[in-house]
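Scroll down for the structure; my scribbles are underneath it.
The values are calculated or read from the model by the stated rules, or taken from the named source; none is laboratory data. Note that this is a predicted model, so its numbers are computed, not measured. So basically every Cβ, Gly included, is an ideal-geometry build from the backbone, and we count neighbours across all protein chains shown. Ligands, DNA and RNA are excluded from the accessible area calculation, which covers all protein heavy atoms including side chains. Shrake-Rupley method; radii C 1.70, N 1.55, O 1.52, S 1.80 Å.
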Amino acid sequence: MSTQANTAQHNTPIDHEATADHSTHATSGAHAGHDIHAGHDIHAGHDTLADHDAHSAHAAHGAAGISGQQITQNEIHADHAADGDHAGHGDHAGHGDHAGHGDHSAHAAAGPGGLQITQDGYTLELAHTIVRAGEIDFRFRIAGPDGLAVTEYASIHDKELHLIVAQRELTGFWHVHPERAADGTWSVRLNLPAAGAYRVFTDIAPRALGRTITLGADLAVAGDYAPQPTPEPARTYVVDGYEVALDGELVPGAGRLITLTVHKDGVPVTDLQPYLAAFGHLVVLRAGDLAYVHVHPNGEPGDGVTAPGPEITFHTVVPGPGTYRLFLDFKHGDTVRTAAFTLTTTATHGH
């Protein structure tokens, strides 16, 4: 299912994936969609297998996290669950489902997630670091401390691995779910339409490690490259007749609530569908270095308290000052769509 978001306010193509396969979504909009655990996901200090740390602990670290405060690259899945897949979205955001993440707080001190190609003995190895524009068969593997491809993973939001690809300018974003061969090689079809610099992120929870980590690596798409500026700050995003409004601020080192409200043709959407065990998923990337934060919303479907819209709220913590791109994935009418926003951090009250 492929939908397009207006680029008027967003310059990012968005690709959505339903379970394994993600179709391109808005070609021009940025996508927010990423997993957000009911509680909050932050691939910074949470592990999938390990226990989840309280959001407050992450906030203290000021790690990048939304909904769970990702301090490094882990999610705080204290109380977040998600079901569903994300395919590329927004600015080419892909959607994929995220399974529970473990306690990432342990790594919070290491810094924001996704900035390292190697962490805790695990390395992201791309089959090719330079590819052509268009449809490609993208392959990679995760090498363990012994140098061999890892084949044993704990599930994170119903998936062993979540792959997110973003253009450096944050104008394109994809969230997809590759398939793993018996030898540990992962593969997925990707449609990267424009030449330029990209960043690849993998959320994984190797069983031998016992927690979730996010690895990142550079990817170049060959061709004539015309750099684009990061989209200007905006608090509303329109895709397929849906208008998503953002309320809240990003404050370095302090947890803040970010609320996304969904309307369809001017009417509040009150029947959002669960996607990866949540009513929304949020991925936050910082312009300049692409520090990565993955969060899940407060509450989850079926908990007797969380309403299926129109509001989706995330507890968010970012690692430091800067301009951030937020990609929200939400599902309605059996289709996953992505909304993308740009926010600049504000000073902490009292400072």
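Does at least one position in segment 245-256 carry a residue that is under 27 Å from THR306 (Cα atoms), in contact with an Asp or Glu (Cβ under 7 Å, 6 or more places away or on another chain) and not polar (S, T, N, Q)?
Looking through segment 245-256, at least one residue is under 27 Å from THR306 (Cα atoms), in contact with an Asp or Glu (Cβ under 7 Å, 6 or more places away or on another chain) and not polar (S, T, N, Q).
Name the strands (runs of 3 or more DSSP E) wholly inside segment 136-198 in which the number of residues that are surrounded by fewer than 21 Cβ atoms within 10 Å (Cβ to Cβ) is 1 or more.
By residue number, 185-192.
Keeping to segment 218-235, report how many residues are touching a residue at least 60 places away in the same chain (Cβ under 8 Å) and not in a strand (DSSP E or B).
Summing the residues that are touching a residue at least 60 places away in the same chain (Cβ under 8 Å) and not in a strand (DSSP E or B) in segment 218-235 gives 9.
So which pairs qualify, if the first residue must be in segment 321-333 and closer than 14 Å to THR344 by Cα, the second must be open to solvent by less than 20 Å² (accessible area, probe 1.4 Å) and outside any strand (DSSP E or B), the Cβ gap must be under 7 Å, and the two must be at least 6 apart or on different chains?
So the pair list comes out as TYR324/LEU250; ARG325/ALA30; ARG325/LEU170.
What is the residue count in segment 329-350 for residues that are open to solvent by 10 Å² or more (accessible area, probe 1.4 Å) and over 17 Å from GLY172 (Cα atoms)?
12
Quick one: how many residues across segment 202-217 are of a type in the set (Gly, Ala, Ser) and either in a loop (DSSP other than H, G, I, E, B) or open to solvent by 10 Å² or more (accessible area, probe 1.4 Å) (or both)?
3
Where in segment 236-328 are there strands (runs of 3 or more DSSP E), lying wholly inside it, with at least 2 residues that are more than 23 Å from HIS175 (Cα to Cα)?
Strands (runs of 3 or more DSSP E) meeting the threshold: 256-264.
Looking at ALA226, is it open to solvent by 40 Å² or more (accessible area, probe 1.4 Å), modelled with pLDDT under 95 and of a type in the set (A, V, I, L, M)?
Taking the combined requirement at face value, the residue satisfies it.
With the requirement that a residue be part of a strand (DSSP E or B) and either of a type in the set (S, T, N, Q) or at pLDDT below 95 (or both), what does segment 96-133 give you?
The answer is GLY102, ASP103, GLY113, THR118, GLN119, THR123.
When the residues of segment 237-263 are filtered to those that are farther than 22 Å from ALA347 by Cα and in contact (Cβ under 8 Å) with a residue 60 or more places away in the chain, which remaining residue is surrounded by the most Cβ atoms within 10 Å (Cβ to Cβ)?
TYR237
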